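A short write-up of the structure that comes next.
The values are calculated or read from the model by the stated rules, or taken from the named source; none is laboratory data. Here the structure is a predicted model, which means the values were calculated and not measured. Ideal geometry is used to build each Cβ from the backbone, glycine not excepted, and the neighbour counts take in all protein chains shown. Ligands, DNA and RNA are excluded from the accessible area calculation, which covers all protein heavy atoms including side chains. Shrake-Rupley method; radii C 1.70, N 1.55, O 1.52, S 1.80 Å.
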2 protein chains.
Amino acid sequence: MEIRDKIILGSSKMFIKFGIRSITMDMIAEQLGISKRTIYENFTDKNELLKYSLEAGMVEQKAVVEEIFKNSENVIDAMLKTIKHNANTLKSINPLFFFDIQKYYPELYKLLIKKNDRQKISRLIEMLNKGIQEKIIRNEINVEIVAILIAEQFKMIGNQEIFPEDKFSKIEIFENISINFIRGIATEKGLSLIEKYNS
Amino acid sequence: MEIRDKIILGSSKMFIKFGIRSITMDMIAEQLGISKRTIYENFTDKNELLKYSLEAGMVEQKAVVEEIFKNSENVIDAMLKTIKHNANTLKSINPLFFFDIQKYYPELYKLLIKKNDRQKISRLIEMLNKGIQEKIIRNEINVEIVAILIAEQFKMIGNQEIFPEDKFSKIEIFENISINFIRGIATEKGLSLIEKYNS
């Protein structure tokens, strides 16, 4: 692995585990057993390092989801597996990470959310159409509207104004969004699959 | 009817039919057959008149929904009737009304949305709990999270950034939100009721 990728991977892990604010370039250098100068040779500042870390995280997440879809029997199977995977990912992230990124890096947060959005929505539309072909998703839905609605709901999970950290569990919000979403768009055949895979 | 209420009712109708920006105090006075001075004796300016019009609209909407709930067999019946009522209301509102209020009265819009929100969410929680007792809504859901999610989705209908006016029909967004929502939280018994009432 190139040193640049090693720094991105290492700092990502630290941000996810401890939040962003508390992690200094010194701590990253120490953890990776490299000099701080090496980090600065590759990244202008922590902001830039964080940006690449987040992008790498999204690329990885996308690859995992694609892998799940390749190895699933149908769209409902794939969606349920993705829900489980995402719930586990969510559990592994320190709430401080979400807090810090919104509070201290709002511009970066918005930019990445937006970028991720377009990709996510086209993938969702594709998936919904596949589910309609498989007759497990209702053909009355407007796939584009539904894809946007679910993407927007997922964004709410990290929104402190809508779901204050101290009152709501992120996992519980995520699960309520996901399960109700799939059940809502499923046909009778789709609902039987949900029961089957969840039992 | 007192003159103050008459002005609120009359101007509400005009705002809904033609949008807000294009309606002047002169036009309202003419339509109601009163002098502009009478309007200004009751309201400081158009902003204040609009504020009271919106509040009156919300009070009316609330009364209609309460009436529907009183005259329904169960929560699913009531929710489906409310969806139909709201879809019809939405059809009767000039899109300019939504455009104008967000563009020219953003502070008023935010304030009212917020006020309406708290009321709506407590009503929704009450309704969801009733549906759980009736065994037509799944008891695994977190009623508070689900109530917030649906209220937030309804707010998206008027959000130009999420659903640009020229690309999406408000009615279609509304219907996709509502139907998928009810189906998503319904038990098997609830789903049979949806089929029954919708056929």
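See the values below:
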| item | result |
| --- | --- |
| Failed item, numbered, when A:Glu126 is tested on (1) open to solvent by 60 Å² or more (accessible area, probe 1.4 Å); (2) at the interface with chain B (Cβ under 8 Å from one of its Cβ atoms); (3) among the acidic types (Asp, Glu) | (2) |
| Of residues in region B:186-199 being of a type in the set (Gly, Ala, Ser) and more than 10 Å from chain A (Cβ to nearest Cβ), the one most open to solvent (accessible area, probe 1.4 Å) | B:Ser199 |
| Test set (1) free of Cβ contacts under 8 Å to residues at least 12 places away in the same chain; (2) open to solvent by less than 60 Å² (accessible area, probe 1.4 Å); (3) part of a loop (DSSP other than H, G, I, E, B) - A:Glu48 fails condition number | (3) |
| Residue count for region B:56-87, restricted to those that are open to solvent by 30 Å² or more (accessible area, probe 1.4 Å) and within 11 Å of the chain's Cα centre (by Cα) | 9 |
| Residue list for region B:155-185, filter: assigned to a loop (DSSP other than H, G, I, E, B) and either open to solvent by 10 Å² or more (accessible area, probe 1.4 Å) or more than 8 Å from chain A (Cβ to nearest Cβ) (or both) | B:Ile157, B:Gly158, B:Asn159, B:Gln160, B:Glu161, B:Ile162, B:Pro164, B:Glu165, B:Asp166, B:Lys167, B:Phe168, B:Ser169 |
| Single residue of region B:117-135 satisfying the filter (part of a helix (DSSP H, G or I) and among the acidic types (Asp, Glu)) that is nearest to B:Ala78 (Cα to Cα) | B:Glu126 |
| Check on A:Ile101, open to solvent by 20 Å² or more (accessible area, probe 1.4 Å), β-branched (Val, Ile, Thr), in contact with a helix residue (DSSP H, G or I) (Cβ under 7 Å, 6 or more places away or on another chain) and assigned by TED's automatic domain parsing to the domain that holds A:Phe154 | no |
| Any hit, region A:186-197, residues being out of contact with any Phe, Trp or Tyr (no Cβ under 8 Å at 6 or more places or on another chain) and not in a helix (DSSP H, G or I) | yes |
| Count - residues of region B:129-145 that are open to solvent by less than 50 Å² (accessible area, probe 1.4 Å) and within 15 Å of B:Ala186 (Cβ to Cβ) | 8 |
| Flag for B:Lys114 being farther than 24 Å from A:Ala186 by Cα, open to solvent by 60 Å² or more (accessible area, probe 1.4 Å), within 12 Å of chain A (Cβ to nearest Cβ) and part of a helix (DSSP H, G or I) | yes |
| Total residues in region B:136-154, condition over 13 Å from the mean Cα position of the chain (by Cα) and either polar (S, T, N, Q) or outside any helix (DSSP H, G or I) (or both) | 7 |
| Residue match in region B:36-48 (condition: touching a Ser or Thr at 6+ places or on another chain (Cβ under 7 Å) and within 15 Å of B:Tyr105 (Cα to Cα)) | no |
| Counted residues, region A:131-154 - those being more than 10 Å from chain B (Cβ to nearest Cβ) and of a type outside the set (A, V, I, L, M, F, W, C) | 5 |
| Residue in region A:119-128 that is out of contact with any Leu (no Cβ under 6 Å at 6 or more places or on another chain) and closer than 23 Å to A:Glu172 by Cβ present | yes |
